[in-house]
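For reference, the structure is listed below as structure tokens.
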Amino acid sequence: MTEGRETQSAMRGIFVTFEGGEGSGKTTQLKLLAARVRASGKEVIETHDPGGTAIGKEIRTLLLDPGSAPIAAATELLLYEASRAQLVRELIVPALGRGAVVLCDRFTDSTLAYQGCGRGLDLSLIRQVNRFATDGLVPNLTVLLDLDPEIGLTRCRRGARADTSTGLSAEPLCWDRIEAEPLDFHRRIKEGYLTMARENPDRIIVIDAGLGVTEIEVIVWNQYIRYQDRDDDAVS
């Protein structure tokens, strides 16, 4: 995947992903960072994985709808990767190429955590498929919001609302298909994320999602500025 890395190095934009378990506050923090970056005068693209394109939206609905027929773990993996492949080529790479800041709610780390650590699929295989789907694209910075799964799922139950990207039900107890998995599944995901953070300390920033929204917002902004300054120094 050298070609993908070379292509990424030539891109002028910044690619930031937000990761974490259910109810960790990823979407909230993504939008807060987007507002700050826009105020600084930069073009910002907000998106989510799966989804973000017409094809991706259809796949997202299929994957998350609790009314869907049972989906085999291998099928689930390939559906996520299909949505991602389209998202990268149709939206993310063109935006990075013109110098935009792309903020994405979930990306390849989610697949390693959920389908790898959660479902038990082979991590080496997932990494290979991730590289194929993304043409080697790797986030410049990843914000990992770490939260006890029990707290996160309680937040989901209290704050359940319609997913505007899929039109899924807003009934309080109508979780999506992934949220409805057993607690042990979500605990494996949390541990998987933390393992990835230890393995990638320069890219993945772990933040306690139990902190206040504003406190987290400031931490995320400071990390973004730190990366931007470091990137500017490398270019100069």
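The values are calculated or read from the model by the stated rules, or taken from the named source; none is laboratory data. Predicted model only: the values in this text are computed from it and were never measured. So basically every Cβ, Gly included, is an ideal-geometry build from the backbone, and we count neighbours across all protein chains shown.
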Inset, instruction - Check Arg84, Arg106 and return the single one that is touching a residue at least 40 places away in the same chain (Cβ under 8 Å) and at positive phi. - result: Arg106
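Matching residues to (1) out of contact with any Cys (no Cβ under 6 Å at 6 or more places or on another chain); (2) aliphatic (A, V, I, L, M); (3) in contact (Cβ under 8 Å) with a residue 40 or more places away in the chain:
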site: Ile45; (1), (2), (3): yes, yes, yes
site: His48; (1), (2), (3): yes, no, yes
site: Ile55; (1), (2), (3): yes, yes, no
site: Leu77; (1), (2), (3): yes, yes, yes
Legend entry - Lone qualifier among Lys26, Lys31 - being among the basic types (Lys, Arg), within 14 Å of the chain's Cα centre (by Cα), surrounded by fewer than 20 Cβ atoms within 10 Å (Cβ to Cβ) and modelled with pLDDT of 95 or more: Lys31
Legend entry - Given (1) farther than 19 Å from Ile126 by Cβ; (2) modelled with pLDDT under 95, number of the condition Arg38 does not satisfy: (2)
Legend entry - Filter result (of a type in the set (Lys, Arg) and part of a helix (DSSP H, G or I)) within the stretch 23-64: Lys26, Lys31, Arg36, Arg38, Lys57, Arg60
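Of all residues in the stretch 52-89, which are at pLDDT below 90 and touching a Phe, Trp or Tyr at 6+ places or on another chain (Cβ under 8 Å)? Please lay out each step first, then the result.
In the first step, residues of the stretch 52-89 are kept if they are at pLDDT below 90; the result is 64-70.
Result: Pro66, single match.
How many of the residues in the stretch 205-236 are touching a residue at least 12 places away in the same chain (Cβ under 8 Å) and closer than 18 Å to Asp148 by Cα?
Taking the stretch 205-236 first, the residues touching a residue at least 12 places away in the same chain (Cβ under 8 Å) are 205-210, 213, 216-217, 219-221, 223-224, 227-228, 231.
Subset that is closer than 18 Å to Asp148 by Cα: 205-210, 213, 216.
Within the stretch 205-236, residues that are touching a residue at least 12 places away in the same chain (Cβ under 8 Å) and closer than 18 Å to Asp148 by Cα number 8.
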Inset, instruction - Kindly indicate whether any position in the stretch 60-81 is in contact with a Ser or Thr (Cβ under 8 Å, 6 or more places away or on another chain) and over 30 Å from Glu191 (Cβ atoms). - result: no
Legend entry - In the stretch 216-236, the residues that are at pLDDT below 90 and of a type in the set (D, E, K, R): Asp229, Arg230, Asp231, Asp232, Asp233
